[in-house]
Amino acid sequence: MPSAKYAFMSAYLKGAESKVLTSEHIDRVSRMSVVPDVASNVREVLEIIKDTDAGRYLEEALVKTFDDSDRYLWYYLSECLERLGRLRLVPDEVRRVLKAYTVKYDVINIKAALQTIAAGKKASLVPVGIIHTQGLLDELSRAEGVSDVIGVLRECRLGNYADILTEYSAEDKKSKFLTEAKLDGAYHDNLLKVSRNIPDGALLTKAFSIIIDMTNLALVSRALVEEIGSLASEVVIKGGYMISDRVARELLEHKLADLPGALGITQYREIAEEIVAGYGRTKSITVVEETVDRHRFRLLREILSPRVLTPLVLAWYLIVKELEVRNLRLILKATFDAVPVEEIREYLVSA
């Protein structure tokens, strides 16, 4: 019988899910008429989404520029996650999953810090994750060398990620690529470890393994576009559901145009076909992440959305909130740029 803590957690998260951006909101925003006054357009968007938690948060934040909206959306996500972590009735194993999942933003920030060190600039970081909650995000953004980044990570008890950086060289393109991929690998490996031995752990492991599949598919696609397959073969991520590290390495031996046929897995072949067609049309590598993001959500929804009274309800909530922030960032960017949202409708994913 489910414990009272799981019943509380499920009720709390399903209640929060009912207040997120929906396909109806997206449809209404897409039908908006764009006028020359950008401020009026933004006000109309905020009026349409005012019944969502994110909409109310942005309205109270007095957003005036896209940078304002971008910053506040990240703060909003961070507060949602921190509030969840503070709830007394959240089961301990769920807290562990939440913490392990949230480290993805620390990895994003570590990469951003490394990328700006060589340029001698202050990194622009996402205010989400352990480094942020420990109050050390500004220190990370001011890092002047890899040793500074390592120091921040050790202070935040992210020592396994600090160890990866000990061999990093900003001047070596191969070192940069390998280090970023190793950070991703360490994150996903820990995600799999924490999902075992908990209620519905097998399904949670499957969900996280599908995330690894999508990460490897994106890695392979980018590597084929950039013609660095031999380099990428060293850092494919283990633990995939259908795309094992062996399969990923085999895929790297092909050309991008041949990827769908080489993949062979029906549901993933369709994703690869979209990537190939999208890149052929735009010649932009961003089409890889955009395509993978859409399908990642679809695949995970089939596993996670119907589940309650288990840690799976947390995993679904995290994915839905991330999707909401992603959609709103795209919508507001288009609005501030005076671009009709209908023109970017294909990039928006409905919850």
Residue match in the stretch 268-276 (condition: within 27 Å of TRP74 (Cα to Cα) and without any contact (Cβ under 8 Å) to a residue 40 or more places away in the chain): no
The stretch 301-319, subset farther than 15 Å from LEU21 by Cβ and of a type in the set (Val, Ile, Thr), residue modelled with the lowest pLDDT: VAL308
Set THR52, THR65: member being of a type in the set (Val, Ile, Thr) and loosely packed, with under 15 Cβ neighbours inside 10 Å: THR65
Where a residue in the stretch 228-243 is under 12 Å from ILE212 (Cα atoms) and its partner, wherever it lies, is basic (Lys, Arg), with Cβ under 9 Å and at least six apart: VAL236/ARG246; VAL236/ARG249; TYR241/LYS206
Meets criteria (modelled with pLDDT of 90 or more, in a helix (DSSP H, G or I), among the acidic types (Asp, Glu) and surrounded by 15 or more Cβ atoms within 10 Å (Cβ to Cβ)) for ASP258: no
Test for ALA277: is it out of contact with any helix residue (DSSP H, G or I) (no Cβ under 8 Å at 6 or more places or on another chain), at pLDDT 90 or above, part of a helix (DSSP H, G or I) and of a type in the set (A, V, I, L, M): yes
The listed residue being touching a Lys or Arg at 6+ places or on another chain (Cβ under 6 Å), in contact (Cβ under 8 Å) with a residue 60 or more places away in the chain, closer than 28 Å to ALA207 by Cβ and among the hydrophobic types (A, V, I, L, M, F, W, C), out of LEU98, LEU89: LEU89
Which listed residue is of a type outside the set (Phe, Trp, Tyr) and within 30 Å of ARG142 (Cβ to Cβ), from ALA11, ALA100: ALA100
Breaking point among (1) within 30 Å of ASP67 (Cβ to Cβ); (2) crowded, with 17+ Cβ neighbours inside 10 Å; (3) of a type in the set (D, E, K, R); (4) over 18 Å from the mean Cα position of the chain (by Cα), for ARG345: (2)
Restricting the stretch 16-29 to residues that are buried (at least 16 other Cβ atoms within 10 Å of the Cβ) and touching a residue at least 24 places away in the same chain (Cβ under 8 Å), the residue that is farthest from LEU84 (Cα to Cα): VAL29
Hits in the stretch 167-226 (condition: of a type in the set (D, E, K, R), at pLDDT 90 or above and in contact with a Phe, Trp or Tyr (Cβ under 8 Å, 6 or more places away or on another chain)): LYS206, ASP213
Checking ASP138 against (1) more than 22 Å from LEU13 (Cα to Cα); (2) of a type outside the set (Gly, Ala, Ser); (3) surrounded by 16 or more Cβ atoms within 10 Å (Cβ to Cβ), the condition it does not meet: (3)
Some residue of the stretch 105-122 being under 21 Å from ARG329 (Cβ atoms), part of a loop (DSSP other than H, G, I, E, B) and out of contact with any Phe, Trp or Tyr (no Cβ under 6 Å at 6 or more places or on another chain): no
Residue count for the stretch 1-48, restricted to those that are in contact with a Ser or Thr (Cβ under 8 Å, 6 or more places away or on another chain) and of a type in the set (Lys, Arg): 1
Residue within the stretch 8-15 that is touching a residue at least 24 places away in the same chain (Cβ under 8 Å), within 26 Å of GLU346 (Cβ to Cβ) and not β-branched (Val, Ile, Thr) present: no
Candidates GLU322, GLU289, filtered to the one that is under 11 Å from the mean Cα position of the chain (by Cα) and over 23 Å from ALA16 (Cα atoms): GLU289
The stretch 80-95 - residue that is outside any loop (DSSP other than H, G, I, E, B) and out of contact with any helix residue (DSSP H, G or I) (no Cβ under 8 Å at 6 or more places or on another chain) and, of those, nearest to TYR12 (Cα to Cα): ARG83
Hits in the stretch 41-68 - residues which are among the hydrophobic types (A, V, I, L, M, F, W, C), within 24 Å of VAL320 (Cβ to Cβ) and not in a helix (DSSP H, G or I): ILE49, VAL63
Matching helices (runs of 4 or more DSSP H) fully within the stretch 124-235 where at least 2 residues are closer than 30 Å to GLU93 by Cβ: 130-133, 137-141, 146-155, 159-165, 173-195, 201-226
Selection count, the stretch 317-328, where residues are without any contact (Cβ under 8 Å) to a residue 60 or more places away in the chain, of a type outside the set (Val, Ile, Thr) and more than 16 Å from ILE26 (Cβ to Cβ): 0
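The values are calculated or read from the model by the stated rules, or taken from the named source; none is laboratory data. Please read these numbers as outputs of a predicted model, since none were measured by experiment. For neighbour counting, all protein chains shown are included, and Cβ atoms are generated from backbone atoms with ideal geometry for every residue, glycine included.
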